[in-house]
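One structure below.
The values are calculated or read from the model by the stated rules, or taken from the named source; none is laboratory data. This one's a predicted model, so the numbers in the text were calculated from it and none came from an experiment. Quick reminder, even Gly has a Cβ in these numbers, built from the backbone with ideal geometry, and neighbours come from all protein chains shown. Note: areas computed on protein heavy atoms with side chains; ligands, DNA, RNA excluded. Shrake-Rupley method; radii C 1.70, N 1.55, O 1.52, S 1.80 Å.
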Amino acid sequence: MGGETKYEIHQNAYIKLVLHALKHKTSAVNGVLLGRLSGDDTVEIVDSVPLFHSQIGLLPPLEIALIMIEEYYNDKGLSIVGYFHANERFDDFELSNVAKNIGDHISKYFPGAALLLLDNKKLEALPKGKDRNPVMQLYTKDASRSWKLVGSDRLTVKEPSANVILLDFISSKKWKDITDFDDHLDDISKDWLNSDLFN
């Protein structure tokens with residue numbers, strides 16, 4: 001993969017992550033991105049799994065989650081291709097050490113990994129405009145192996161109407177239905193795949 005890898009996120013993967021952040025507005029949240037290399041310069045993000053909203057840096061629950069996710073998605077021809085993070089504070093646009101460390105771990109297995117950080121200002125402005133761009137910032141590893149913010153033109157949502165659908169989901173409070181791994185570990189009957197979210 002070259003230095004100008006593009007990232008295309010499917011609508012449901014995108015919406016699931018944003019709704020997860022909205023459900024836990026006063027907590028840092030995270031999740032993983034599942035996908036595949038499409039061609040030689042595009043990473044296609046097909047699905048996402050919301051991980052945690054409390055104690056997001058704890059290693060044992062993270063390891064359990066990653067093993068379960070890998071086992072489930074490998075059968076579907078998908079692998080972990082990136083990481084999603086939303087900071088606790090609305091005005092915090094810095095990539096935390098936890099996000100960098102988890103991103104580093106993922107990039108060992110998928111060198112072109114994406115690290116997405118929720119941009120609260122873009123999210124807040126969504127109802128006022130007709131922006132089709134994702135409400136997140138894209139970070140990738142640069143030549144020095146550090147995470148670097150890259151241009152918004154390198155991350156697109158596959159379906160142009162994704163932000164319109166997202167606004168519908170927000171207004172109908174669909175974020176209440178999101179289940180993450182924290183919820184699943186508390187009650188294993190809760191579906192971490194969120195299979196019924198888009199029904």
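In the stretch 29-72, which residue that is among the hydroxyl-bearing types (Ser, Thr, Tyr) and closer than 24 Å to ASN97 by Cα is farthest from the chain's Cα centre (by Cα)? So that I can check it myself, show each step before the final result.
Quick first cut of the stretch 29-72, residues among the hydroxyl-bearing types (Ser, Thr, Tyr) only: 38, 42, 48, 54, 72.
Now drop any that are not closer than 24 Å to ASN97 by Cα, which leaves 48, 54.
Working: SER48: 6, SER54: 16 Å.
The extreme case among them is SER54.
Filtering the stretch 124-156 down to residues that are open to solvent by 20 Å² or more (accessible area, probe 1.4 Å) and of a type in the set (A, V, I, L, M, F, W, C), which residue is farthest from ALA21 (Cα to Cα)?
ALA143
Among the strands (runs of 3 or more DSSP E) lying completely within the stretch 127-199, list those that include at least 2 residues that are touching a residue at least 60 places away in the same chain (Cβ under 8 Å). Reasoning before the result, please.
Numbers: elements: 136-141, 147-149, 155-157.
So the answer is 136-141, 155-157.
One residue is enough: does the stretch 110-118 have a residue meeting the conditions surrounded by fewer than 13 Cβ atoms within 10 Å (Cβ to Cβ) and either closer than 22 Å to ASP142 by Cα or out of contact with any Asp or Glu (no Cβ under 6 Å at 6 or more places or on another chain) (or both)?
Start the filter on the stretch 110-118 by keeping residues that are surrounded by fewer than 13 Cβ atoms within 10 Å (Cβ to Cβ), which leaves 111.
Retained after the next criterion (residues that are either closer than 22 Å to ASP142 by Cα or out of contact with any Asp or Glu (no Cβ under 6 Å at 6 or more places or on another chain) (or both)): 111.
Yes, the stretch 110-118 has at least one match.
For the stretch 161-185, how many residues are farther than 23 Å from LEU51 by Cα and either open to solvent by 80 Å² or more (accessible area, probe 1.4 Å) or among the aliphatic types (A, V, I, L, M) (or both)?
Count: 3.
Sort through LEU33, LEU19, LEU58 and tell me the only one that's free of Cβ contacts under 8 Å to residues at least 12 places away in the same chain and among the hydrophobic types (A, V, I, L, M, F, W, C).
Working: LEU33 fails: free of Cβ contacts under 8 Å to residues at least 12 places away in the same chain; LEU19 fails: free of Cβ contacts under 8 Å to residues at least 12 places away in the same chain.
Unique residue meeting the criteria: LEU58.
Of these, TYR83, TYR73, which one is in a strand (DSSP E or B) and either in contact with a Phe, Trp or Tyr (Cβ under 7 Å, 6 or more places away or on another chain) or on the phi < 0 side of the Ramachandran plot (or both)?
On the way: TYR73 fails: in a strand (DSSP E or B).
Going through TYR83, TYR73 in turn, the sole match is TYR83.
Regarding ILE188, is this residue touching a helix residue (DSSP H, G or I) at 6+ places or on another chain (Cβ under 6 Å) and either open to solvent by less than 40 Å² (accessible area, probe 1.4 Å) or farther than 17 Å from VAL46 by Cα (or both)?
Numbers: touching a helix residue (DSSP H, G or I) at 6+ places or on another chain (Cβ under 6 Å): no; either open to solvent by less than 40 Å² (accessible area, probe 1.4 Å) or farther than 17 Å from VAL46 by Cα (or both): yes.
Criteria not met by ILE188.
Filter the stretch 59-93 for residues that are modelled with pLDDT of 95 or more, buried (at least 18 other Cβ atoms within 10 Å of the Cβ) and out of contact with any Lys or Arg (no Cβ under 8 Å at 6 or more places or on another chain) and give the result.
Listed by number, the residues that qualify are ILE69, TYR73, ILE80, GLY82, TYR83, PHE84, HIS85.
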